[in-house]
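Just passing along the structure, written as structure tokens.
The values are calculated or read from the model by the stated rules, or taken from the named source; none is laboratory data. Quantities reported herein were computed from a predicted structural model and do not represent experimental measurements. Positions of Cβ are backbone-derived with ideal geometry, glycine not excepted, and every protein chain shown enters the neighbour counts. Ligands, DNA and RNA are stripped out before the accessible areas are found, and what is left, the full protein with its side chains, is counted by its heavy atoms. Shrake-Rupley method; radii C 1.70, N 1.55, O 1.52, S 1.80 Å.
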Amino acid sequence: MKRLFDVLASAIAIIVLLPLFIVIALWIIIDDGTPIFFRQTRVGKDQREFRIYKFRSMYKDAESRGQLTIGGKDPRVTKSGYFIRKYKIDEFPQLLNVLAGDMSIVGPRPEVPKYVKHYSEEQLQVLSVRPGMTDPASIEFIDEDEILGKSEDPEKAYIEEILPQKLALQLEYVTKSGLVYDIKLIMQTLGKILR
């Protein structure tokens, strides 16, 4: 049932949002050229790696200067990037990952391999389900980059403080997941973005 919901919802969303995608793509090209998409290796269900899609919101060499986004004015973020990140529009291309079966609309956010290495045996249970575009941790830490921007050592703060809290919320999701709960989380995510 969850997979059917994912396929139908993502296909409908892609069709409805296609005009917006075209506008965003043109804005990215005007702002900083191509490519339009940013692709990054993430760890998915059963620890299988896949490439996640996002609208590119940073300059082309940004990842070589770190994988964490830090503060409200990260100098690696483009002009168009500030807008699309603020409203989470950069995440919309992950609907393609959902259609491909790498992701679900709701599920633990997929992490990069570098940080998965810090998971305990218990925390690895979040990889027993498909990762998602949103989850309780995404809602709770919607302003994560601002939190990290206030830290003297953002990398350490992420690994030692934020990541364990996110994983606790994701483990809770794994035990409670269901279609009704997923729809509730989708509504909460949209509400938080709009606020």
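On the given criteria, is Ile183 over 21 Å from Lys54 (Cα atoms), in contact with a Phe, Trp or Tyr (Cβ under 8 Å, 6 or more places away or on another chain) and of a type outside the set (S, T, N, Q)?
On the way: over 21 Å from Lys54 (Cα atoms): yes; in contact with a Phe, Trp or Tyr (Cβ under 8 Å, 6 or more places away or on another chain): no; of a type outside the set (S, T, N, Q): yes.
Answer is no for this residue.
Output the residues belonging to the stretch 129-177 that are in a loop (DSSP other than H, G, I, E, B) and not hydroxyl-bearing (Ser, Thr, Tyr).
At the first step, the residues of the stretch 129-177 found to be in a loop (DSSP other than H, G, I, E, B) are 129-131, 135, 141-143, 150-153, 177.
Once the filter is applied, which keeps residues that are in a loop (DSSP other than H, G, I, E, B) and not hydroxyl-bearing (Ser, Thr, Tyr), the stretch 129-177 yields Val129, Arg130, Pro131, Asp135, Phe141, Ile142, Asp143, Lys150, Glu152, Asp153.
Still on this model: Can you name every one of the strands (runs of 3 or more DSSP E) wholly within the stretch 10-110 that holds 3 or more residues which are modelled with pLDDT under 95, within 15 Å of the chain's Cα centre (by Cα) and of a type in the set (A, V, I, L, M, F, W, C)? Talk me through it step by step, then tell me what you get.
Numbers: elements: 37-43, 49-55, 104-106.
Per the criteria, no element qualifies.
So, in the stretch 92-148, how many residues would count as being closer than 15 Å to Gln188 by Cα, open to solvent by 20 Å² or more (accessible area, probe 1.4 Å) and among the small types (Gly, Ala, Ser)?
1
Then there is this: Restricting attention to the stretch 165-187, report how many residues are among the polar types (S, T, N, Q), closer than 25 Å to Ala13 by Cβ and over 17 Å from the mean Cα position of the chain (by Cα). Steps first, answer last, please.
Looking only at the stretch 165-187, we keep the residues that are among the polar types (S, T, N, Q), and these are 165, 170, 175, 177.
Checking the rest, the ones that are also closer than 25 Å to Ala13 by Cβ come to 170, 177.
Retained after the next criterion (residues that are over 17 Å from the mean Cα position of the chain (by Cα)): 177.
Adding up the residues that qualify gives 1.
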